[in-house]
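What follows is a set of notes on a single structure, which appears directly below.
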Amino acid sequence: MTPSTDSVSQRDGNDHGLAIDFDALRSIDVAAATAQFGHAGYLSLPGLVTPSALVALRKEVERLQQRAKRRDFEMECMGGTPRHMTTLGGIEIAEAAPAIGALYRDPRLVDGIGRAVGLNLQLADDPVERHVLNVLHRPGDTHGLHTDDYPLALVLFLESPTCEAGCGHLEFFDACAAGHASVMAHRAGDAYLLRADKFPHRVRPIHEGCVRTVLNFAYGADSIPMTKTPSASILYS
Ligand SMILES: O=C(O)CCC(=O)C(=O)O
Ligand SMILES: [Fe+2]
């Protein structure tokens with residue numbers, strides 16, 4: 001599937017009440033950020049979700065969790081890697097939490113992150129994959145190694161383990177530097193951008209008492225062709 005062709009300026013809606021830190025996006029050092037993202041495939045956006053947006057998003061997600069589905073299986077199309085998590089796909093999120101859909105489309109967000117990574121972004125045309133909820137909450141829960149279909153993932157942390165064991169850390173691999181893994185810790189309120197179609201990534205398992213809740217926003221980019229896999233429809237339908 002190809003990215004949607006609607007232009008950012010035509011998109012609706014800043015009226016979602018989710019005041020994430022758009023100023024921080026505007027004040028990013030673009031040259032440094034694009035260089036880092038181009039090289040590492042990753043850009044950290046600590047504190048992008050302001051304390052008030054965190055409260056509001058958690059309220060939305062609390063409602064969504066009633067609809068979320070438990071998943072325990074191996075994803076064949078991603079090398080049989082494990083999925084032990086509770087998820088909700090974009091169609092249900094759009095229905096039950098329209099504010100999250102409006103934030104996903106907000107030109108201040110889309111243009112801000114696009115500028116930071118030097119890409120002209122497009123909204124994902126797949127309503128299932130465009131914004132998803134991933135919750136790790138049982139001992140051993142993990143989101144196993146995979147790549148995404150869409151090139152850019154923006155991951156927003158609503159809850160994140162703070163234990164010493166590294167539960168829920170993001171691990172991603174540079175396909176060009178065989179075997180080199182980067183490991184990143186994030187706190188609630190943090191966000192990151194990942195070149196998710198190119199850098200295989202996974203979330204390390206959590207143990208008893210840890211909870212990790214994220215929203216993942218997926219975007220296409222004008223210059224990057226994509227290959228659709230069945231993984232999102234398996235995990236989020
Ligand atoms: O939870 C994360 O940090 C990564 C999420 C992810 O890889 C995905 O939803 O495709
Ligand atoms: Fe991913």
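The values are calculated or read from the model by the stated rules, or taken from the named source; none is laboratory data. Because the structure is a prediction, the values reported are computed rather than measured. All Cβ positions, even for glycine, are placed from backbone atoms using ideal geometry, and neighbour counts span all protein chains on display. Quick note on the areas: whole protein, heavy atoms, side chains included, nothing else; ligands and nucleic acids left out. Shrake-Rupley method; radii C 1.70, N 1.55, O 1.52, S 1.80 Å.
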*Would you mind listing the strands (runs of 3 or more DSSP E) fully within the stretch 176-235 where at least 3 residues are crowded, with 17+ Cβ neighbours inside 10 Å and among the aliphatic types (A, V, I, L, M)?*
191-195, 212-221
*Please specify each residue of the stretch 210-222 satisfying the condition of being at pLDDT 95 or above and either closer than 13 Å to Glu159 by Cβ or more than 11 Å from ligand 2 (Cβ to nearest atom) (or both).*
Cys210, Val211, Arg212, Thr213, Val214, Leu215, Phe217, Tyr219, Gly220, Ala221
_Looking only at residues that are in contact with a Gly (Cβ under 9 Å, 6 or more places away or on another chain) and within 24 Å of Lys228 (Cβ to Cβ) in the stretch 157-173, which one is surrounded by the fewest Cβ atoms within 10 Å (Cβ to Cβ)?_
Phe173
*Some residue of the stretch 170-179 being within 10 Å of ligand 1 (Cβ to nearest atom) and either at pLDDT below 95 or aliphatic (A, V, I, L, M) (or both)*: yes
_For the list (1) within 14 Å of ligand 1 (Cβ to nearest atom); (2) out of contact with any Pro (no Cβ under 9 Å at 6 or more places or on another chain); (3) in contact (Cβ under 8 Å) with a residue 24 or more places away in the chain, I need the number of the one condition that Val183 fails._
(3)
_Subset tally (residues that are open to solvent by 20 Å² or more (accessible area, probe 1.4 Å) and in a strand (DSSP E or B)) for the stretch 33-66_ = 1
*Which numbered condition trips up Tyr104, out of (1) open to solvent by 20 Å² or more (accessible area, probe 1.4 Å); (2) at pLDDT 95 or above; (3) assigned to a helix (DSSP H, G or I); (4) hydroxyl-bearing (Ser, Thr, Tyr)?*
(1)
*Mind checking which residues of the stretch 145-184 are on the phi > 0 side of the Ramachandran plot and either away from ligand 2 (no atom under 16 Å from the Cβ) or of a type in the set (A, V, I, L, M, F, W, C) (or both)?*
Gly166, Gly179
*If we keep just the residues of the stretch 67-89 that are outside any strand (DSSP E or B) and among the aliphatic types (A, V, I, L, M), which is nearest to Pro200 (Cα to Cα)?*
Met78
*Hey, Asn134 hits all of (1) away from ligand 2 (no atom under 13 Å from the Cβ); (2) closer than 15 Å to Thr86 by Cα but one; which does it fall short on?*
(1)
